[in-house]
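The values are calculated or read from the model by the stated rules, or taken from the named source; none is laboratory data. As the structure is a computational prediction, the values presented were derived from the model and not from experiment. Neighbour counts are summed over all protein chains in view; Cβ atoms, including those assigned to glycine, are modelled from backbone coordinates with ideal geometry.
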Amino acid sequence: MDTLVFHAKMRALLWGRAAFEECRFHERLWWFFPYKCCLSNSDSGGWCFPPHGWLKFNVSGIAFEGAWGGGGVLRDEDGIVRALFSGPFDVGDSESTKSGAIITALDIFIEIGWNGSVSLIIEIGSREVFSWILEKSRRHWLHQVIFADLEQRWSRVGELSFSVAEANGNEMEDSLAIAGMNRTCMFKAWW
C-alpha cells in the first residue's frame, strides 16, 4: 500500500509539472501537504538545467535519529524526469548516506543502459562529499569501501561530472530522501 500511494503521488506531481508549465510546485511540501505546494510565478526554483546533451541526477542522503534515507531524480536537458529513487539505507553516518545515494544513482543509470551513450552530471548537496570525490586524500578511512564501490561504478558510466547543488537545488531529492527513511524498501522507477 505504501508503494502504491508513493507511486500515485509521484505520478501526480510529474503529471502536474508536465501539464501545467505555469504551475510551479514547492516540491518539498508535495509529499506532506500537497494542497500547500503551489509557488507563484515570482518564486524562483533552485534547480538548474544540465548542458545540452547531458543528463543530470540530483541526489540526496539524509540521516535523522538513527534512520538513513536517500533519494534522487534524473532529468534530461529539458528538465523532464527520466528516473527516480527513494528508500532507506543501512549505513552508520550522514556522509555514507550521501555517498550511498550517489552509488544508487549510478546503479540506476547503468541498469537503464545509458552508460557510455550519454553524459551524466551528478549533483549533490554536500560540499564535504563533493570534496572527497575530487580529492582522495581528504576521505576518512571509514569511507574507503564506499568510495571503492563508487569508483567501480564510475568507471562503467562513461563521461561523468560532479557538482554541488545551489541553495534549494535538491528540493525534490531531499523530499524523496526523507520519504525514503520511512520506507521499508528502495523504490526505483525509470521511463
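List of remarks:
- Some residue of the range 29-50 being part of a strand (DSSP E or B), modelled with pLDDT of 85 or more and over 14 Å from the mean Cα position of the chain (by Cα): no
- Residue in the range 126-140 that is at pLDDT below 85, among the charged types (D, E, K, R) and in contact with an Asp or Glu (Cβ under 6 Å, 6 or more places away or on another chain) present: no
- Residue among 138, 127, 153 that is touching a residue at least 24 places away in the same chain (Cβ under 8 Å), more than 28 Å from residue 4 (Cβ to Cβ), surrounded by fewer than 16 Cβ atoms within 10 Å (Cβ to Cβ) and of a type in the set (Lys, Arg): 127
- If you filter the range 175-191 down to residues that are assigned to a helix (DSSP H, G or I) and over 23 Å from residue 80 (Cβ atoms), you find that the one that is farthest from the chain's Cα centre (by Cα) is 181.
- Residue 98 vs. criteria part of a helix (DSSP H, G or I) and either in contact (Cβ under 8 Å) with a residue 12 or more places away in the chain or surrounded by 19 or more Cβ atoms within 10 Å (Cβ to Cβ) (or both): yes
- Which listed residue is in a helix (DSSP H, G or I), aromatic (Phe, Trp, Tyr), over 20 Å from residue 84 (Cβ atoms) and out of contact with any strand residue (DSSP E or B) (no Cβ under 8 Å at 6 or more places or on another chain), from 130, 147: 147
Each row is one residue, and each column tells you yes or no for (1) hydrophobic (A, V, I, L, M, F, W, C); (2) on the phi > 0 side of the Ramachandran plot; (3) touching a Phe, Trp or Tyr at 6+ places or on another chain (Cβ under 7 Å).
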site: 60; (1), (2), (3): no, no, no
site: 69; (1), (2), (3): no, no, yes
site: 76; (1), (2), (3): no, no, no
site: 83; (1), (2), (3): yes, no, yes
site: 86; (1), (2), (3): no, no, yes
site: 95; (1), (2), (3): no, no, no
site: 104; (1), (2), (3): no, no, yes
site: 119; (1), (2), (3): no, no, yes
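- Test: residue in the range 78-89 that is modelled with pLDDT of 90 or more, among the basic types (Lys, Arg) and within 23 Å of residue 10 (Cα to Cα): yes
- When residue 172 is tested against (1) over 13 Å from the mean Cα position of the chain (by Cα); (2) under 30 Å from residue 9 (Cα atoms); (3) part of a helix (DSSP H, G or I), only condition (1) is not met.
- Residue 115 meets each of the listed conditions (1) modelled with pLDDT of 85 or more; (2) touching a Lys or Arg at 6+ places or on another chain (Cβ under 8 Å); (3) surrounded by fewer than 21 Cβ atoms within 10 Å (Cβ to Cβ) apart from (1).
- When the test is whether a residue is on the phi < 0 side of the Ramachandran plot, surrounded by fewer than 20 Cβ atoms within 10 Å (Cβ to Cβ), outside any helix (DSSP H, G or I) and of a type in the set (A, V, I, L, M), residue 110 does not pass it.
- Taking the range 45-94 as the range and being among the polar types (S, T, N, Q) and surrounded by fewer than 20 Cβ atoms within 10 Å (Cβ to Cβ) as the test, only 94 passes.
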